[in-house]
Amino acid sequence: MYIYLPIAEISMHIGIIIGLGGGVGFLSGLFGVGGGFLMTPLLIFFGVPSPVAVATEANQIVASSVSGVLAHMRRGNVDFKMGTILLIGGVIGSSLGVWLFAFLRELGQIDLVIKLCYVVFLGIIGSLMLTESVRAILRTRRPGARRVKLHQHNWMHGLPFKMRFRRSKLYISALLPLAIGAFVGILSAIMGVGGGFIMVPAMIYLLGMPTSVVVGTSLFQIIFVTANVTFLQSVQTQTVDFMLAGLLLFGGVIGAQFGTRAGALLRGEQLRGLLAILVLLVCVKLGYDLAVRPDDLFSVELLK
Amino acid sequence: MTRLFGLIISLIAASVLTTVPSAASSRLVADLSNKSIAITTGFHGTELLLFGAVDGRAGDDIIVIVTGPPTDIAQRRKDNRAGIWVNVETNIWKQAPSFYNILATRPLDKIASIEMRKQLGIGPAHLGLTMLPEGGTGPAIDGNRFIEALAGNMGSIHLWPAQTGTVSLAQDALFRATLDLPANIVTGDYNIRVLHFRDGMAISEDRTRLNIEKGGLTADIYNLAHDYSALYGIFAIAFAVAAGWLAAAAFRRN
């Protein structure tokens with residue numbers, strides 16, 4: 001059964017939309033990432049115009065993140081204090097990012113910058129996570145593995161404005177999560193994603209948060225970032241397709257629930273290893289598209 | 001400025017695309033099975049029947065040209081820069097048809113010479129389209145070397161079907177043709193031009209119109225998004241939060 005999408009102005013099979021929502025929602029619940037870095041390219045692949053894909057996917061991620069965060073809250077896996085500080089940084093960063101976006105668009109190279117950002121950040125984060133998680137898996141398999149320290153102490157622990165984050169078992173400077181939130185905010189404005197795939201590893205490796213609270217806290221933060229994007233896009237570009245978002249989130253909220261449950265069955269380092277492989281696959285695909293001569297050098301876009 | 005430019009373009013177009021002189025005309029009448037189409041939630045493209053009568057003889061031909069509402073089309077060209085393929089050139093086709101389909105009783109080159117088709121504006125290359133550099137300012141670009149790529153790209157998204165459609169002509173008097181409109185059709189006014197050919201010359205012509213608009217829920221959502229965009233955004237967020245909460249609550253009971 002086909003359905004005509006009022007804002008995207010294309011007709012799509014309803015099964016494809018719900019299936020996409022469910023699949024990406026599952027990964028969202030499993031890894032605590034919004035799934036935007038997967039969903040946006042997939043929607044474009046199925047013929048949704050790219051501005052509509054970016055804006056609509058933000059709306060859908062609001063739903064899957066709410067669904068996921070509630071499941072994590074029941075298990076006490078959300079650090080609200082940390083999430084709020086990351087969010088403040090995120091608001092500052094995304095405002096900067098929007099400005100940077102407009103500047104790059106004026107230079108006429110925004111498409112290239114977006115693609116390069118994807119390849120570079122997905123590549124770096126994917127490789128780092130894969131190396132680390134493989135090491136961790138090997139370590140746990142070795143007999144008589146000794147318990148590692150919670151985190152290393154270094155220069156970051158000398159920064160001022162120290163705060164206690166009880167859920168995360170951390171006593172660190174508030175400047176750190178603020179800076180990470182801001183950095184991810186900039187990238188998410190440019191790349192059109194929630195930023196979970198950068199936020200999750202940053203929380204683990206830079207802040208030293210326990211893996212158990214990372215996913216819930218990341219989802220908590222993503223709700224607000226994507227709600228803000230949904231509102232701004234609705235007002236400025238009218239590219240949020242409510243019909244498409246509704247069907248995506250129908251599949252997405254269910255998928256996220258199953259993903260959260262599946263996540264509880266796996267160990268932290270196994271989850272990170274799987275996410276790393278997924279991130280690297282998307283990176284390789286995008287890099288391949290940039291490096292290989294396209295079949296058709298020309299492309300068209302109908303301007304309204 | 002753009003409006004003035006559009007006016008100039010249409011004046012040029014009107015003078016280039018000569019209509020068939022009425023002196024030599026025979027009688028030709030064409031009509032559509034449906035003159036207005038509403039795009040509703042279930043829309044997945046549609047078919048229309050074009051039919052009519054002509055005062056014809058053995059060996060006469062009919063050509064039908066369907067033209068969608070004019071729109072600017074950005075055409076981008078990729079090239080290799082430092083090992084990666086990037087868009088290096090963007091040009092804008094001004095007021096090009098958003099849909100363009102030709103249907104005929106026989107292959108076009110059997111019906112009329114290329115000069116005749118050029119004169120009558122039949123075929124993408126003969127539309128007299130103007131191409132400007134990105135931004136819409138600066139001197140016009142010679143679009144001849146780009147028109148084939150444009151037709152190819154538009155063909156692959158079903159808006160300029162490459163294949164000439166079929167018109168059947170019975171007893172040299174009654175003709176009919178099925179117009180295939182794809183699911184991604186653009187809303188607006190469509191012009192349908194029917195030409196009667198004899199011995200390589202167009203001897204009469206009739207025109208009819210078709211209107212395609214959004215309807216029902218599709219139109220309601222579209223209008224809400226454009227007329228009350230802040231409300232629409234808040235509603236979209238509220239719906240997403242409610243849906244997420246409902247799903248979490250539903251799964252909790254299990």
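The values are calculated or read from the model by the stated rules, or taken from the named source; none is laboratory data. These figures come from a predicted structure and were not determined experimentally. A quick note on method: Cβ atoms are made from the backbone with ideal geometry, for glycine too, and the neighbour counts reach across all protein chains shown.
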### Task
Mind listing whichever residues of region B:78-100 are within 9 Å of chain A (Cβ to nearest Cβ), closer than 19 Å to B:G155 by Cα and not in a strand (DSSP E or B)?
B:S98
#### Entry: region B:151-206: number of residues that are among the polar types (S, T, N, Q), touching a helix residue (DSSP H, G or I) at 6+ places or on another chain (Cβ under 7 Å) and either assigned to a strand (DSSP E or B) or within 14 Å of chain A (Cβ to nearest Cβ) (or both)
0
#### Entry: Flag if B:I185 is closer than 30 Å to A:S234 by Cα and buried (at least 16 other Cβ atoms within 10 Å of the Cβ)
yes
### Query
Within region B:127-140, which residues are farther than 26 Å from B:G52 by Cα and away from chain A (no Cβ under 14 Å)?
B:G128, B:T130, B:T137, B:G138, B:P139, B:A140
### Total residues in region A:197-219, condition over 18 Å from A:F37 (Cα atoms) and not in a loop (DSSP other than H, G, I, E, B)
11
### region B:60-77, subset among the hydrophobic types (A, V, I, L, M, F, W, C) and within 14 Å of chain A (Cβ to nearest Cβ), residue farthest from B:L159 (Cα to Cα)
B:A74
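Just to be sure before I move on: is A:G97 more than 15 Å from the chain's Cα centre (by Cα) and either assigned to a helix (DSSP H, G or I) or not aliphatic (A, V, I, L, M) (or both) in the structure I sent?
yes
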## Note on the structure
Across (1) more than 20 Å from the chain's Cα centre (by Cα); (2) facing chain B (nearest Cβ under 9 Å); (3) assigned to a helix (DSSP H, G or I), A:R293 clears everything bar (3)
### Test set (1) aliphatic (A, V, I, L, M); (2) at pLDDT 95 or above; (3) outside any strand (DSSP E or B) - B:A240 fails condition number
(2)
### Query
Which ranges mark the helices (runs of 4 or more DSSP H) fully within region A:3-75 that have 2 or more residues being closer than 20 Å to A:G195 by Cβ, more than 20 Å from the chain's Cα centre (by Cα) and more than 10 Å from chain B (Cβ to nearest Cβ)?
none
## Note on the structure
When (1) surrounded by fewer than 22 Cβ atoms within 10 Å (Cβ to Cβ); (2) among the small types (G, A, S); (3) at pLDDT 85 or above are applied to A:A276, the one that fails is (1)
### Query
Quick check, is B:A219 aliphatic (A, V, I, L, M) and assigned to a helix (DSSP H, G or I)?
yes
### Residue tally, condition more than 25 Å from A:G22 (Cβ to Cβ) and more than 7 Å from chain A (Cβ to nearest Cβ), over region B:217-233
7
